[in-house]
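The values are calculated or read from the model by the stated rules, or taken from the named source; none is laboratory data. These figures come from a predicted structure and were not determined experimentally. Reconstructed Cβ throughout: ideal geometry from the backbone, glycine too, with neighbour counts over all protein chains shown.
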Amino acid sequence: MIIHTIRPGESVWSISQQYGVNPNRIVQINQLPDPSRLLIGQSILIPRDRPPTHTVQPGESLWILAQRFGTTVEAIAQANQIMEPAMIFPGMVLTIPPRPRPTIETNGYIQRLGDVGLATVQQVGNYLTYLSLFSYEVRSDGTLAPLDDEAIIAEARARGAAPLMVITNIVEGEDFSSDLARAVLANPEVQETLITNILSTMGAKGFTGLNIDFEYIYPADRELYNQFLQRVVDRLRPQGFSISSAVAPKVSADQVGLLYEAHDYPVHGQLLDFVVIMTYEWGWSGGPPMAVAPVNQVRRVLDYAVTAIPREKIMMGMPLYGYDWTLPFVRGETWAATLSPQGALQRAIQYNTIIEYDPIAQAPFYSYYDQQGREHIVWFEDARSAQAKYDLLREYNLRGVSYWVLGLDFPQNWPLLVDNFEVRKIIE
């Protein structure tokens, strides 16, 4: 794949001629909302049937080209039948082989069940190692709020995506509850009841593993949470189930805050099969406008994470959404609307705006004025920002990527994923 950023005067036809690609393939792979209207700054994927070529410039070497194109000296030499790598010269046209595709695992959280959820799994299940059904809400007596998820689980298995049961400390109709977490974590009898109910549900419905997403735990309950994880592992692992958790994006072991303090990275990394780090929501609905997952901030989290959790257990979180803020932003009063990447592009086309790109956050954004004359700013994801995150995955040599949340349309992501990686399947 090539990622092309639209310049003034370009069309699908002119771009197809530039790259020697059928224009219908460009429209299809990007699912362009209106192929006749491309926006300046919009990024599109260009599929290539043949490896690209490069004309050697003065001063270039195979090592320099390998670094630039993300491949190896040996691969370039082999593709061009070069016996002596030092013997290249300006004007020589080289075929650039694709860079190796490492094998990773992928996880996708899904909230919407029913027919909508079923359609989502049918569309993207083939790209997933795990499908995490969000969520079974834990009650203070150790029982679980039920989910009507049998059809989704069956479809996930049909697509080779291992279904994971997600439990949360969410109070029905509200949000994550610190008090609910304490009621469970402080009572060993409730925990035993809860784990028994988890095992019963997993066995009856065909789950392959458990994902624990307890958030906003009181800092004083950190050790109680660690002990709960140990109890879960002791009872589930002998039954052949995987156990994983979702943790806040910390940049240090002693990071202060209700979201962070009870998530003990080293303990999660030691006990569990893998850990999903929720590297998103820097830009959030109630916060000031900014990128949802700025690459510079994600990097800070990973720099700490790899010192506390084995790399082969880290799943990097990746958002499949963006936000539209009405300006001026007023904390406590301004709440951004959630948009899918495709929805953000459609809105940009509707208001005929120019898409900009922040090179530090490595994320696209744009501004527009609505029919009432109010200014808006939209931060979202596109092919460039997705590739930047996949580059991080490669750089840190992590286990894989975890998407929040499936069902928001981002057609560019899936071919880009396959262009970068082989996706491991653990069930047939």
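Below are the figures for this structure:
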read-out	value
Thr103 being within 31 Å of the chain's Cα centre (by Cα) and exposed (fewer than 13 other Cβ atoms within 10 Å of the Cβ)	yes
Hits in the stretch 356-397 - residues which are assigned to a loop (DSSP other than H, G, I, E, B) and crowded, with 18+ Cβ neighbours inside 10 Å	Ala361, Gln362, Phe380, Glu381, Asp382
Some residue of the stretch 380-388 being without any contact (Cβ under 8 Å) to a residue 40 or more places away in the chain and either out of contact with any His (no Cβ under 6 Å at 6 or more places or on another chain) or in the same structural domain as Ile40 (by TED's automatic domain parsing) (or both)	no
Selection within the stretch 327-355 - buried (at least 18 other Cβ atoms within 10 Å of the Cβ) and assigned to a strand (DSSP E or B)	Leu339
Matching residues, the stretch 83-129, being in contact with a Phe, Trp or Tyr (Cβ under 8 Å, 6 or more places away or on another chain), at pLDDT 95 or above and assigned to a loop (DSSP other than H, G, I, E, B)	Pro102, Gln111
Sole residue being over 27 Å from Glu155 (Cα atoms), of a type in the set (Val, Ile, Thr) and modelled with pLDDT of 95 or more, chosen from Val401, Val423, Val418, Val378	Val378
Restricting the stretch 271-289 to residues that are in contact with a Gly (Cβ under 9 Å, 6 or more places away or on another chain) and closer than 19 Å to Gly400 by Cβ, the residue that is surrounded by the most Cβ atoms within 10 Å (Cβ to Cβ)	Thr279
Matching residues, the stretch 200-220, being among the hydrophobic types (A, V, I, L, M, F, W, C) and buried (at least 17 other Cβ atoms within 10 Å of the Cβ)	Met202, Phe207, Leu210, Ile212, Phe214, Ile217
Selection status of Ala77, out of contact with any Pro (no Cβ under 6 Å at 6 or more places or on another chain), without any contact (Cβ under 8 Å) to a residue 60 or more places away in the chain and either at positive phi or of a type in the set (A, V, I, L, M) (or both)	no
Residue in the stretch 387-396 that is of a type in the set (Asp, Glu) and under 15 Å from Ser285 (Cα atoms) present	no
So Leu180, is it of a type in the set (A, V, I, L, M, F, W, C), surrounded by 19 or more Cβ atoms within 10 Å (Cβ to Cβ) and over 23 Å from Gly203 (Cβ atoms)	yes
The stretch 7-43, residues that are touching a residue at least 40 places away in the same chain (Cβ under 8 Å) and in contact with a Ser or Thr (Cβ under 8 Å, 6 or more places away or on another chain)	Leu39, Gly41, Gln42, Ser43
Qualifying residues in the stretch 60-82 (those that are outside any helix (DSSP H, G or I) and at pLDDT 90 or above) - the one surrounded by the fewest Cβ atoms within 10 Å (Cβ to Cβ)	Gln81
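The rows are residues; the columns are (1) within 26 Å of the chain's Cα centre (by Cα); (2) within 17 Å of Ile170 (Cα to Cα).
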| position | (1), (2) |
| --- | --- |
| Thr208 | yes, no |
| Tyr218 | no, yes |
| Asp234 | no, no |
| Gly240 | no, no |
